[in-house]
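Shown next, in structure tokens, is the structure this report addresses.
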Amino acid sequence: MLRYDEAREKVVSLVSRHRTLPDQETVSLEHSLGRILAEPITADRDYPPFARATRDGFAVRAADVAHVPAVLKLVGEVKPGERFTGSVGRGECVEIMTGASLPAGADAVVMIENTELEGKLIRVKLSVRSGENVVLQGSEARKGARLLAPGHRLGPVEFSLLAQVGKGEVKVYRRPRVAILTTGHEVVEVGTQPNPMQIRNSNLCSLAAQVTLSGAEPVLLGNVPDEAEALRERIKCGLEEELLVVSGGVSVGKYDLVKEVLRGLNAEFFFDAVAMRPGRPTVFACCGERFVFGLPGNPVSTLVTFELFVAPAIQLLAGGVAEPLCLLKAKLSQPVRTSPGLTYFLPARLEGSADEVTVRAVPWQGGGDVVALTKSNCFLVVPETQTELAAGSWLNVLLPWS
């Protein structure tokens with residue numbers, strides 16, 4: 001049985017080896033959020049295109065204020081979007097606003113709070129070095145420099161950059177289609193009033209959200225009861241898409257039929273269990289040319305195993321890279337006890353301030369307890385060798401959906 005990190009690496013390795021890049025399409029910038037870039041983005045001019053002031057104050061020659069206090073003659077002002085037509089000479093200064101172009105002759109900006117106005121004269125109380133409070137032309141990027149490479153996922157920061165260089169339209173890779181199938185006699189539609197022995201199909205909804213956040217298009221196949229023939233037909237339908245995710249029916253119970261059906265379809269299994277909780281009976285297989293994931297049916301297990309194993313596969317199929325897990329160290333505020341042999345992913349909550357951040361496990365009732373997840377903002381990652389951890393211990397924390 002593989003450790004979770006070994007299983008994740010196997011997914012990344014196999015999908016990387018066998019994937020083909022999706023077709024490209026051009027979309028408007030406002031419709032490209034979360035998409036994978038399919039073209040290189042270069043600077044259309046120097047950035048900044050001029051030496052730019054980073055503070056409100058006065059443009060000066062640094063040599064004139066090497067010894068303070070220094071008194072300079074005010075000869076004009078310059079606002080953002082304008083150019084000062086003259087030049088700053090010895091003993092002179094120009095009032096300047098943040099973002100404005102540095103006048104010729106000046107090489108620094110004195111912040112306004114370090115000056116006093118005396119009629120048409122400015123008394124400078126603090127020296128500045130050449131280049132201080134100024135961003136030089138081209139220091140962010142030179143014209144023609146590559147700013148983004150194909151395979152980059154587009155988020156708010158990338159939107160700002162694309163808009164800055166004038167890319168109102170952008171080439172992206174087509175989103176892969178991911179089929180989602182849930183299983184179980186006890187599962188009913190979300191809008192249905194369940195009887196006491198039934199549950200609503202929350203996994204179909206959560207998986208669709210995770211597929212979308214990972215950069216793919218969810219194809220909802222609904223729920224199928226634990227019957228081999230019905231399951232076989234629905235799985236065959238799912239194999240027409242680029243990736244199939246099945247939730248439920250992957251354990252070893254009498255009615256856990258997913259592995260049996262996949263074997264009947266000549267699937268090759270890469271793993272069918274991972275040394276973790278929740279999520280131990282996780283399946284990764286290939287059926288024909290399609291990868292298949294079988295995830296446990298308990299909602300917390302489904303959410304965790306998708307994040308660990310399915311998300312990187314989708315990122316690769318979408319034309320991007322498998323993003324590393326967002327792990328950080330935090331100090332336990334309460335003791336934690338687990339059983340040996342499995343890595344635990346416990347719903348937890350980061351708390352505190354910038355001075356001291358701590359983490360505590362959220363009480364939960366196992367893989368079906370979605371309520372506990374709503375009270376958490378991370379997962380404690382407890383190694384299989386550490387079964388008793390005291391308050392104050394440092395432990396890895398996983399930030400999901402980051």
message: Using only the alpha-carbon atoms, how far is helix 228-238 inclined from the longest principal axis of the chain? Give it as 0 to 90 degrees, nearest 10.
response: 30
- line: Residues whose built amide H sits under 5 Å from the amide H of Gly151, excluding neighbours closer than 5 in sequence, are Leu37, Ala38, Glu39
message: Under 20 Å between alpha carbons, and skipping anything fewer than 8 positions from Lys143 in its own chain: which aspartates and glutamates qualify?
response: Glu39, Asp44, Asp46, Glu158, Glu169
query: Taking 0.36 nm per intervening residue step and subtracting the Cα-Cα distance, what contour gain separates Asn396 from His18 on full extension?
result: 132.9 nm
- request: Calculate the length of the line joining the C-alpha centroid of segment 241-309 to that of segment 163-177, in whole Å.
  value: 33
query: From the phi of every residue in segment 57-70, what ³J(HN,Hα) in whole Hz does the Karplus formula 6.51 cos²θ - 1.76 cosθ + 1.60 yield, where θ is phi - 60° and glycine or proline is x?
result: x, 9, 6, 9, 8, 4, 4, 6, 10, 5, 10, 10, x, 10
query: In segment 293-402, which chymotrypsin sites (Phe, Trp or Tyr not before Pro) are in a loop and have at most 13 other Cβ atoms within 10 Å, using DSSP for the loop call?
result: Trp401
statement: For Ala141, other-chain or 5+-apart residues with amide H closer than 5 Å (H placed, Pro excluded) are Tyr47
field: Vicinal HN-Hα couplings computed from phi for segment 168-176 (Karplus, 6.51 cos²θ - 1.76 cosθ + 1.60; Hz; Gly/Pro x)
entry: x, 10, 9, 7, 10, 7, 4, 6, x
task: Put one equal scatterer on each alpha carbon of segment 91-178, apply the Debye formula with no solvent term, and list log10 I(q)/I(0) at q = 0.17, 0.19, 0.24, 0.26 1/Å to two decimals.
output: -0.85, -0.95, -1.28, -1.42
field: Segment Lys254-Ala149, length gained on full extension (0.36 nm per residue, minus Cα span)
entry: 32.8 nm
- prompt: To the nearest 0.05, how large is the calculated FRET efficiency for Cys326 and Ser160 if R₀ is 22 Å and r is the Cβ-Cβ distance?
  reply: 0.50
message: Quick check on the chain: helices-only [θ] at 222 nm, where DSSP H runs of length 4 and up contribute -39,500 (n - 2.57) each and the sum goes over total residues. Nearest 500, please.
response: -5000 deg cm²/dmol
- prompt: Between Gln386 and Arg177, what FRET efficiency comes out of the Förster formula 1/(1 + (r/R0)^6) with R0 = 30 Å and r the beta carbon distance, rounded to 0.05?
  reply: 0.15
task: In nm, give the distance between the simple-model label positions of Glu25 and Lys375, each being 7 Å from the Cα along the Cα-to-Cβ direction.
output: 4.3
- prompt: Nearest-5 percent of antiparallel DSSP beta bridges in the chain?
  reply: 65
- prompt: Is the shape of segment 182-241 best called rounded, prolate or oblate, per the rule: a/c under 1.5 gives rounded, else a/b larger than b/c gives prolate, else oblate, with a ≥ b ≥ c the square roots of the Cα gyration tensor eigenvalues?
  reply: oblate
message: Under 8 Å for C-alpha pairs, at least 6 residues apart: give me the relative contact order for segment 160-284, rounded to a whole percent.
response: 26
query: Packing-wise, with mean Cβ within 10 Å as the measure, how do 134-141, 199-206 rank, highest first?
result: 199-206, 134-141
task: Go from 0 up to the bin containing the longest alpha carbon distance in segment 130-232, width 5 Å each, and give me the % of pairs per bin.
output: 2, 9, 13, 13, 11, 9, 7, 7, 7, 6, 5, 4, 3, 2, 1, 0
- prompt: Where the only charges are on Cβ atoms (+1 Lys, Arg; -1 Asp, Glu), what is the dipole of the chain about its Cα centre, to the nearest 20 debye?
  reply: 620
query: From the Cα gyration tensor of segment 327-398, with a ≥ b ≥ c the square roots of its eigenvalues, which class applies: rounded if a/c is under 1.5, or else prolate if a/b is larger than b/c, or else oblate?
result: oblate
Rough spin-label spacing in nm, given labels placed 7 Å along Cα→Cβ, for Arg349 and Asn266: 5.3
query: Which value results when the Cα radius of gyration for segment 52-135 is divided by 2.2 N^0.38 Å?
result: 0.92
field: Nitroxide proxy distance, nm - points 7 Å out along Cα→Cβ at Gln198 and Ser87
entry: 8.5
- prompt: Tell me, how many Å apart are the Cα centres for segment 11-46 and for segment 339-402?
  reply: 34
Length added when fully stretched, Glu227-Glu140, from 0.36 nm per residue minus Cα-Cα: 25.2 nm
- prompt: Can you give the Rg to Rh ratio for the chain, taking only C-alpha atoms and Rh from Kirkwood?
  reply: 1.16
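Quick note: the coordinates plus some simple rules give every number you see, no bench work behind them. Model, not experiment: these values are computed from the prediction. Glycine also receives a Cβ, built like all others from the backbone with ideal geometry; neighbour counts cover every protein chain displayed.
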